[in-house]
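Each reported figure results from applying straightforward, stated rules to the coordinates on display, with no laboratory input. Small disclaimer: the values here were computed from a predicted structure and weren't measured. Quick reminder, even Gly has a Cβ in these numbers, built from the backbone with ideal geometry, and neighbours come from all protein chains shown.
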Amino acid sequence: MILPINIYSDDILRKKAKPLKSIDSGVEELIGFMFESMRNASGIGLAAPQVGHSVRLVVLDISCLTHYPDEKPMVVINPHILAVRGYNDMEEGCLSLPGIHGDVERPAALTLKYRNENFEEMTGEFSGMLARVLQHEIDHLNGTLFVDRMEKRDRRKIQKELDALVSGTVQTQYPIVRESLTVLQS
Ligand SMILES: [Zn+2]
């Protein structure tokens, strides 16, 4: 099932999501729907709050990118960043901020403790694109969007586009939650 994606002005994107205690059939189903919805929107990562579930669950799959055909899809539950190394700048976008892109500085590599799709505890070292996408998605679980991390000067340049998202005139190739936008306008 393709789930509609909550966009920028939606309150759920600003909440701190709750840890999952276990995986039941409902969570398994949600994971499947999240992969389907992410791929339908040509995304490489999706956090549960983006589809209306305020829980600490992320899916990602960067294998569609030119340089990463061998990367396996990942399910990341209750992630905890243990250490970070280095910094780099990269342009980011977000399915919850359609049409908006901007440079964000983040750690270049990280050590992550998390649970996988079988709820097994894992510890992994990530760098490059995976480190970038993981940090972007973990931010979603804490109510942070990439535009919050942009330099103020760069952020001012996209303010008009952000305002357009709030006013609800945005067009996307994938379904978005429009009800919340209507409420916001009234
Ligand atoms: Zn995002």
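For the reader, a short list of remarks on this structure follows.
- Distance (nanometres) between label positions extended 7 Å along Cα→Cβ at Lys152 and Phe35: 4.5
- Converting phi to 3J(HN,Hα) with the Karplus coefficients 6.51, -1.76 and 1.60 and the offset θ = phi - 60°, segment 163-171 yields 4, 5, 5, 5, 6, x, 8, 5, 10 Hz in sequence order, with x at every glycine or proline.
- GNM top mover of Lys113, Lys157, Lys16 - the chain, alpha-carbon springs below 10 Å: Lys157
- Most mobile listed residue (Gln159, Gln135, Gln50) in the chain, GNM with C-alpha springs under 10 Å: Gln159
- Taking the helices alone, the chain has a mean residue ellipticity at 222 nm of -8500 deg cm²/dmol, built from -39,500 (n - 2.57) per DSSP H run of at least 4 residues and averaged over all its residues.
- For segment 11-185, the fraction of alpha-carbon pairs in successive 5 Å shells from zero, as %: 1, 8, 16, 21, 22, 16, 9, 5, 1, 0
- Convex hull volume per residue, computed on the Cα atoms of segment 29-80, equals 78 Å³.
- A Cα-only calculation for segment 86-126 places Rg and Dmax at 14.2, 36 Å.
- Counting only residues at least eight positions apart within a chain, or on another chain, the lysines with an alpha carbon under 28 Å from that of Lys72 are Lys16, Lys18, Lys21, Lys113.
- Exposed GluC sites (Glu not before Pro) absent - longest run of the chain, DSSP non-H/G/I/E/B, at most 16 other C-beta within 10 Å: 1-116
- DSSP bridge orientation in the chain - percent antiparallel, rounded to nearest 5: 95
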